[in-house]
Structure formats: structure tokens, C-alpha cells
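Input: a single structure, listed below in C-alpha cells.
The values are calculated or read from the model by the stated rules, or taken from the named source; none is laboratory data. Note that the coordinates shown come from a computational prediction; the quantities given were computed from them, not determined experimentally. When we count neighbours, we look across all protein chains shown, and the Cβ atoms used for this are built from the backbone with ideal geometry, even at glycine.
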Amino acid sequence: MGVFASTDQQVSAGHEQVVFCQDKPTGLKAIIGIYSTALGPALGGTRFYPYASEADALHDVLELSRGMAYKNALAGLDLGGGKAVIWGDPDQLKTEPLLRAYGRFVQSLGGRYYTACDVGTYVQDMDVVARETRFVTGRSVEHGGAGDSSVLTAWGVFQGMRAAAEHQWGSATLGGRRIGVSGLGKVGKHLVGHLIEDGATVVATDVNEKALEWVRHTYPEVDLVADATALITSDIDVYAPCALGGALDDETVPALRATIVVGAANNQLAHPGIEKQLADRGVLYAPDYVVNAGGVIQVADEIEGFNFERAKLRATRIFDTTREILRLADAEGVPPAVAADRLAERRMAEVGRLRSIHLT
Ligand SMILES: NC(=O)c1ccc[n+]([C@@H]2O[C@H](COP(=O)([O-])OP(=O)(O)OC[C@H]3O[C@@H](n4cnc5c(N)ncnc54)[C@H](O)[C@@H]3O)[C@@H](O)[C@H]2O)c1
């Protein structure tokens, strides 16, 4: 791998440490990015993905690890931000030796980085990685892990949505509102349940027939529409992107009828500047990395020995964090995404500084 070509990118991205790992016999090529350990060991998942180039893999790990530092800071965790990418097609490359080789590289960092699942890696993979390193979370229930993180992700998104409703309409409920959910996967399905229980009506879409069938069967009262365009142009109060990234772009924002956007998908803003377009249209956008932190809260809890109720309580606090960010955004006259970044940076600086107090 072209390790040296990468130094400039690392420095400009402000990362503490970027580690290139290679094990030729298994075909492992991985990059571990540690953005910040100001609040504690860096936590973030491992993405196993067939990037077109090493530069693409590096770009992704730098972006993702930085994002994790902000997400973990705002989730109130004593954890910094990191992420790893394994460059290659998981269907072709993923083997026990490769995952274990990767685990040994994670172990070599001595606890500066904790890994977990992400796109292309699953709880069973973390069980294999864990045979070589202690610094892994997001494991299967059989191995003392927390299992599927989408349960608390959906719970946290629901809390963020309640806070947005309170800010916009004066009452922290979705009761009587119409919510458009795009993506009825692991998170979207749980979210629909919380919304219906709260008295909302739901309109939804998915590209997967099985997901649609599940909703027809479980929640026959949910209206289904053909695609995301039909969803956002329908008469909805809240838009919840729960599929892929980039849901909010130059086409969707002007067409949006909802006045609140809160969803689980990562990287909902297609490019910088979209947050301003939303604010100019009077659309309240609660930043994705704030409201979708329930999953990382769940896997972080596993490091202490998983306790569902404790983790749920922490995820419930996403309500307070979202409320505080929206208040700060108004007070400082900036979009919530900017207020969230400021709050995260403040916590990293203020709490991180305490390490200068020497302890023996
Ligand atoms: N699972 C978690 O704990 C977690 C945590 C944080 C963030 N997220 C993010 O939330 C989002 C959803 O996660 P998930 O775990 O539910 O994933 P998932 O793969 O289970 O579900 C995604 C769903 O979106 C659907 N979809 C894909 N393209 C679509 C399109 N164009 N229009 C409508 N639907 C489409 C898929 O068919 C699938 O049903 C992802 O962006 C993920 O990165 C998930």
C-alpha cells in the first residue's frame, strides 16, 4: 500500500494516528484511523468494502473516524473516535485467517482503538476478531455481546424526533403527525413501531419487496408509496431517512414538504451547504450523527458488560442532547449541524483537557 503518499491527507484531516496493515497470505489490507483519543480509546466499526482505490479507502476511513469522534462525544461516551476499513470484497476475501490477522493488528494498538461492526462486517465476524484481540465490541449475544444495535438506534432516533417536535411545535410527541419513513430495514422497522405507538400516522417506502411485505403484515395501517420522491412530496410533517446516505440533496430539499428531518441514515447531507438550504426553507434538521448514536451507545455499553436498561437510558438522553443542540442553534443563529459540531468540540476540549491533571 502506498503508505507515504498518505501523510499529507492525514495531517490535513487532523488525525492522531493512521495505521496501514497488510497480511499478504490472507489478502488483508486495512487502514485504522484514530481521529481523537481526547475522551478515551477510539471506538468505531470496521467497514469491509471493495473500494476502487487505496485513496478512496483512505478518504473514507479519515472521514468516518472523524465523524465517530463527534458522534461519541455528543453521545456522552468516554470514548474517542476511530474507524477502520478493510479494502476488498468481503464475499471473496472474508475468511477466518483474514479476520484474525486483522484482530492482531487491532490488538497491536494496545487499546487505543476498539473495533465493532459496520458495512460488510457482522457480529459473527467480531466474534472471530475477538479471538485475537480484547479491543472489540458489538459481539454476538452468545459471547456476552449486545447483539443487533438497531433496536437502540431506532429508540434514539425516536427520541431525537420527539425533541425536534417539541422545538418546532411545542410538544414532545409525534401523536397526530404524519411521518415519512424511507427505508424499512433493521432501524426503520423499529422506528415505525415507536411512531405508531406514539399516535403518529406513517407513510413509508423501500426498494425491497420483503421489507414492504413485513410492513403490510405487521402494520397494515402504514401507507406505502413507490419511492422516496413520492414520499417527500406527499403531505408529511416529518421526513425520516433510514436508508442510505445523501438523502438530502439539491433536488430533494426544495421538494420537501416536511418541516422536520430526523432519521437514522448516516451522512444524510449530500454536500456541505445543504444544512443552510434546509434552514433557509424553515426545515428543522436534527443532525444524523446526534440522533443515530443509539447503536454506538449500545456497543459502547458492552465494553463495561452489557446492560440493556442502562444502555437504553443513555440512548433516551438523545432527547436532551437534541433539545440542547436546537436551543444552541437558535441562540447562536447557526444551523443545528454547526451547533452540534461546536458542542462536540467543546466536550472534547473541556473533558480532554482534564488529562493534563497528573494522576499517579
Ligand atoms: N443499524 C444501526 O444500528 C445503525 C446505526 C447508526 C446508523 N445506521 C444507519 O441507518 C441506516 C439504516 O440502517 P439499517 O441497519 O436499518 O440498514 P438496513 O440495510 O437493514 O436497512 C436499509 C433499508 O433501506 C432500504 N433501501 C435501500 N435503498 C433504498 C431507497 N433508495 N429507497 C428506499 N429504501 C431503500 C433497503 O432495502 C433496506 O430495507 C443506514 O444508513 C445505516 O448506516 C444504522
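Structural remarks
- In region 202-223, the residues that are of a type in the set (Val, Ile, Thr), surrounded by fewer than 17 Cβ atoms within 10 Å (Cβ to Cβ) and away from the ligand (no atom under 13 Å from the Cβ): Thr218
- Criterion (in a loop (DSSP other than H, G, I, E, B), surrounded by 14 or more Cβ atoms within 10 Å (Cβ to Cβ) and not acidic (Asp, Glu)) met by exactly one of Ala258, Ala226: Ala258
- In region 229-239, of all residues being of a type outside the set (Asp, Glu) and out of contact with any helix residue (DSSP H, G or I) (no Cβ under 9 Å at 6 or more places or on another chain), the one that is surrounded by the most Cβ atoms within 10 Å (Cβ to Cβ) corresponds to Leu231.
- Qualifying residue in region 302-311 (condition: within 20 Å of Asn266 (Cα to Cα) and not assigned by TED's automatic domain parsing to the domain that holds Val119): no
- Helices (runs of 4 or more DSSP H) wholly inside region 128-222 that include at least 2 residues being of a type in the set (S, T, N, Q): 150-169
- Of all residues making up region 120-158, the number that are within 14 Å of the ligand (Cβ to nearest atom), touching a residue at least 40 places away in the same chain (Cβ under 8 Å) and of a type outside the set (A, V, I, L, M, F, W, C): 9
- Test result for Gly183, out of contact with any strand residue (DSSP E or B) (no Cβ under 6 Å at 6 or more places or on another chain) and either surrounded by 18 or more Cβ atoms within 10 Å (Cβ to Cβ) or at pLDDT 95 or above (or both): yes
- The lone criterion from (1) crowded, with 20+ Cβ neighbours inside 10 Å; (2) at pLDDT 95 or above left unmet by Val123 is number (2).
- Any hit, region 172-180, residues being within 16 Å of the ligand (Cβ to nearest atom), touching a residue at least 40 places away in the same chain (Cβ under 8 Å) and assigned by TED's automatic domain parsing to the domain that holds Ile260: yes
- When Gly170, Gly176, Gly199, Gly193 are checked against the criterion of being in contact with a Phe, Trp or Tyr (Cβ under 8 Å, 6 or more places away or on another chain), farther than 15 Å from Leu244 by Cα and not acidic (Asp, Glu), Gly193 stands alone in meeting it.
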